[in-house]
Structure formats: C-alpha cells, structure tokens
Amino acid sequence: MRVRATVCMVGALGLMASCGRTGFTFEDDGFGDGGLEAGDDTPDGPGQDDGIPPDPESDDPYDPELDPPLAESCGDGVAEPGEVCFMPEVTFWSRLDPCALDIGDIDGDGHLDVATPNSDFDHVESPDNLTSVLYGNGLGQLSEPVPYISGDDIPVGVSLGDVDANGSLDMVVVNSDAGSLSVMLNFGQQQMGDAGRVVAGSNPVIADLGDIDRDGVLDVAVAASDEVRIAFGRGDGNFEPSQSLSVPGGLWAAHLADLDADGAADLIVSNTSDVSLHVWLAGVGGELQAMGRLDMPGMPLGITDADVNADGHLDLLVAYTFGMAVMLGDGKGNLELAEQIEAGLDPRDIAVADFDRDGVLDAAVVNSTSQDITLLLGQGGGRFEYEATYAVGTLPSGIEAGDFNSDGVPDMVVSNQLSNTIGLVLSNP
C-alpha cells in the first residue's frame, strides 16, 4: 500500500502564498446599497462589474506548438467516439486572483456557472473579500464576474453544494488568513447571502462537501496547516462546531469520497511535507477511522475520484510534483498506486471526464508552471496515455470538466490566477 519516494519539496504555505499577489493598481470600489458599484455603471445582478477587464487580444494564450490542430472530422457537429476536438482557450475576466474554482448550475437556468474566490491579499482591488460567479449561457460564454462579499480574509477556495436542502447550490468559501469557512446561501435570482462561519484551523486551503454521517445532509471537511477540520451539517445552512483531526505536516487538499461503498463519504487528505495521502473511513454517526498514510511518488496536491478502471469501485487521481498518480481502490477502503503518468511542470489539479466519447474515462491535468493542460486519454484498466497539451493563462490553479457549449462533449474550465481570468477550452466536434 506504500510506495517510497524522496523528492525536493516546498511547503504548502509557500504554495498557498501564490494564491495572492501585490503591486497592482486598480480603480477604487464604491459602495452603495450594500453592493459594489460598477466602474462602468452597468448593473450585473446583485453585485456589479468593477475595474477594467483585460484586453482579450493581449491575453490570448494560444501557442501553436502546444495546441494541436483539429482533426479533419472536427467541426461537423458529430461527436464521434475516439475523436479529440478542442479549440484554443477563450478567457473571461474573473476579477483579481482566481485562486480556485468550482462549477455547477448556480442560478438554476440549466447552464453551468463558475464560482471562484478572489484572493486579493492586499485588497488592492476591493476593501472587501470577494468570491465571484461567472454565469454561463450554455453557448460557451460566461458573464462578467458577479462579486459576492464573502467576509473574512482571504478567500482561496470554494465548494458548491446544497447545504440548506432547498434545491439550489450554495457556496462554502475557504478563508486562509481568518482560518474560517464562509457559508454563502443561494436565495435565487443570482442572490447570495452570508449565513455564518465554521472554524477551519490555521491557513486552510481546500475544502470539500459530502455526507460523512449518512444523514442525507452535506457535511464539510477542510485541510489546514497541521489539522483537518470536520463540521457536520444541520440541513438548514448551518453547521455544528468543527472537530479537529491532528495531522503533522503541511496539508493541502481535503477530499470526500465513498471509498468503501457504504454510503458514507470517507476522507482523504494530501500532505505536502511528508509526501503522502492520509485516509479515514467514515463509520456509524460519522465517526472517522484512521487507515494510515499512503506514500506518494511526489508532493501531492489536488485529488479527484472516479471509477477509472470500471470495476465498480472508486479510485483516486492525484496531481503530484511530476505528474498524475493513479490510485486504484478495492471497494473496501484500500488504495494501491497503479500508475504514474508524466504531465507538465508542477501539476496542480485534475478533471475527469470522457473527453473523446469512447466510453472510457480520461483525465485533464492543469500544470501551474508550464501553464498548460495535459490531456491523458483512458485506455481501460486504469491506464492512461498522453494525447495533447493545451496552452492556458498565467499560473493556472484549478480545473473542472463540464459541457459549457451544450454540444454533449465535456469542455475544460481553468482558473488562471495571475491572468485574472477563467479560461474555457471548448470542444468542437
């Protein structure tokens, strides 16, 4: 169950520090009626546009040496099995420092939207802490970022889920400096409100939502610098006081997935300082049983779950220092490192989908230093092969897969932190 490796590492705190930057000048925000006032006086939902979006022509990341040409069969509107058809990235202004992202139909219009925290560490864009939503129209386009005041310093992560059981997606925002989670409830009509706080420990980074205690209500887990915090949901948008699981080291991501197929979300945490994953299985009433640590071949960051070998059991894909690690599950909570696949420079996160529509799951790895996406096509049995590399913006930090242009093929969406953009790599079958 363990694989030993020795690597040169940087700490999680150093990585998290890249989730904010200084030295940039923006127009000051004005405040009125509890919301942001637009620099161009154009209203856009509960918040309004602020500042000046980048010139699309100057922010074009297209690189012909990276983005492969489309196959001759692409562009005919027919998604053929095995066909890989993706256009160069198109970008949408996100406000300052989109450090992460999550996707879902937030406004209930049937189209995917993007939520992203604006990790403005020095508040050079706004005196308030903001988390923005870019609303999708189903045609491969996103709205200007609608900012919501998420309260505490400094938002670096966001998770979407229906925490008050009203049928709409709410936001849980991770605040690194404050050591808290902000719960933002969805009131409909693109309106969101601050519903309270959850203690999240020192310098939390990535949280996840899932039903740990099998009561039908979403709970939350968040990785802090040397502990994991668990808070059980009450079903009304509030959470019980968080409980602490001490884990020495520099933790990065908390991930919830049902590894032992008992209906309860189990906990997996990536530890950057001891180069490992820590696993807990959820028992009766949400009690967590420690299963020990799994040594990784490099410093682990983002964690994604999917049944990549089609055996009926959840597996894990982990972005680590040199690429993607495939951890196959046995349905009993055990994981085995089955494959290591090279990606770009400093892989950060992974999205899983059947990108080529051949019935086998594929993986897209976003690489923060090489500023690109590595597309790996699934070969069955949990094996992957390199297919293509797509250029994206500066310091990409997160990636998700979803159909943003309504053509039936998953697209890729990336948070480009230092470009201040959300990027879409759209399919073109």
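The values are calculated or read from the model by the stated rules, or taken from the named source; none is laboratory data. Keep in mind that what you see is a predicted model, and the values were worked out from it rather than measured. Cβ: placed from backbone, ideal geometry, glycine included. Neighbour counts: every protein chain shown. Heads up: the accessible areas ignore ligands, DNA and RNA and are worked out on the full protein's heavy atoms, side chains in. Shrake-Rupley method; radii C 1.70, N 1.55, O 1.52, S 1.80 Å.
Numerical summary
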read-out	value
Meets criteria (assigned to a loop (DSSP other than H, G, I, E, B) and open to solvent by less than 10 Å² (accessible area, probe 1.4 Å)) for G423	no
Residues within region 385-399 that are buried (at least 24 other Cβ atoms within 10 Å of the Cβ) and either in a strand (DSSP E or B) or in contact with a Leu (Cβ under 7 Å, 6 or more places away or on another chain) (or both), tallied	5
Condition met for G329 (under 21 Å from the mean Cα position of the chain (by Cα), crowded, with 24+ Cβ neighbours inside 10 Å and not aliphatic (A, V, I, L, M))	no
Contacts under 6 angstrom Cβ, first residue in region 66-81 being closer than 23 Å to G344 by Cα, partner open to solvent by less than 60 Å² (accessible area, probe 1.4 Å) and in a loop (DSSP other than H, G, I, E, B), 6 or more apart	D67/P88; L70/C85
Meets criteria (within 24 Å of D215 (Cα to Cα), charged (D, E, K, R), modelled with pLDDT of 95 or more and not in a helix (DSSP H, G or I)) for D311	no
Cβ pairs under 8 Å, 6+ apart, first in region 146-165 and open to solvent by 10 Å² or more (accessible area, probe 1.4 Å), second of a type in the set (V, I, T) and not in a strand (DSSP E or B)	L160/I106; A165/V217
Among residues of region 233-251, those that are open to solvent by 10 Å² or more (accessible area, probe 1.4 Å) and within 27 Å of D330 (Cα to Cα), counted	2
Close pairs from region 115-132: first free of Cβ contacts under 8 Å to residues at least 12 places away in the same chain and more than 15 Å from Q190 (Cβ to Cβ), partner in a loop (DSSP other than H, G, I, E, B) and of a type in the set (D, E), Cβ under 9 Å, at least 6 apart	H123/D153
Out of L267, L294, L277, L288, sole residue that is open to solvent by 10 Å² or more (accessible area, probe 1.4 Å) and touching a residue at least 24 places away in the same chain (Cβ under 8 Å)	L288
